[in-house]
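Visitor: If you scroll down you'll find the structure; I have some questions about it.
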Amino acid sequence: MTLEHVSVAVLAAEIIIMLLARFGTERRHWRHHKKGEAAPRKRDDIRLGPGLVYSIAALAMVAIAVFSGIDFEWSIGTLSLLGVLGVLVPGYAANSVMLISTDGDKKPLKGWQETLAYVLAALGGAAAVAFI
């Protein structure tokens, strides 16, 4: 199994996690609308995560790129690919883990859940280097 295979598997896992978090958000909206339950919070969105998860993903991506000695051209296409697959997607997936763990930010986040989210952000950022 090559690094490219691992990167595709990590990307697929991140997308599945993001979809699960989004389905949970939609379920909470539906319950609020139909059954009159509590309204979802504004922070119940996978895009509104803490900035630390994006920073961890970016640092992991840069560290792997530097240490592996990858030579790539500095084009807008390459940089946008790294920005999306190396920073945004891992950040969204990490925040999705936080939302799934807290049931939409209703329960406090436990230490291991937060650690899992940060590890996922780092793995996603590191795996994105294989796409260039």
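Yes or no, residue by residue, for (1) farther than 20 Å from S101 by Cα; (2) free of Cβ contacts under 8 Å to residues at least 60 places away in the same chain; (3) out of contact with any His (no Cβ under 8 Å at 6 or more places or on another chain); (4) not basic (K, R):
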position	(1), (2), (3), (4)
K34	yes, yes, yes, no
R41	no, no, yes, no
D44	no, no, yes, yes
L52	no, no, yes, yes
S55	yes, yes, yes, yes
A65	yes, no, yes, yes
D71	yes, yes, yes, yes
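Visitor: Continuing with the same structure: Residue by residue through the stretch 13-60, note down the ones that are modelled with pLDDT of 85 or more and closer than 17 Å to G83 by Cα.
Guide: Selection gives E14, I15, G51, L52, V53, Y54, S55, I56, A57, A58, L59, A60.
Visitor: Here are the criteria: (1) over 11 Å from the mean Cα position of the chain (by Cα); (2) under 20 Å from G124 (Cα atoms); (3) aromatic (F, W, Y). Tell me which single one W74 does not satisfy.
Guide: (2)
Visitor: Okay, next question. Of all residues in the stretch 95-116, how many are modelled with pLDDT of 90 or more and among the aliphatic types (A, V, I, L, M)?
Guide: Within the stretch 95-116, residues that are modelled with pLDDT of 90 or more and among the aliphatic types (A, V, I, L, M) number 1.
Visitor: Residues that are surrounded by fewer than 12 Cβ atoms within 10 Å (Cβ to Cβ), at least 2 per element: which helices (runs of 4 or more DSSP H) completely within the stretch 16-132 meet that?
Guide: So the answer is 51-68, 76-83, 111-127.
The values are calculated or read from the model by the stated rules, or taken from the named source; none is laboratory data. For clarity, every value in this text was computed on a predicted model and none was experimentally measured. Cβ sites come from the backbone with ideal geometry, for glycine too, and all protein chains shown count toward neighbours.
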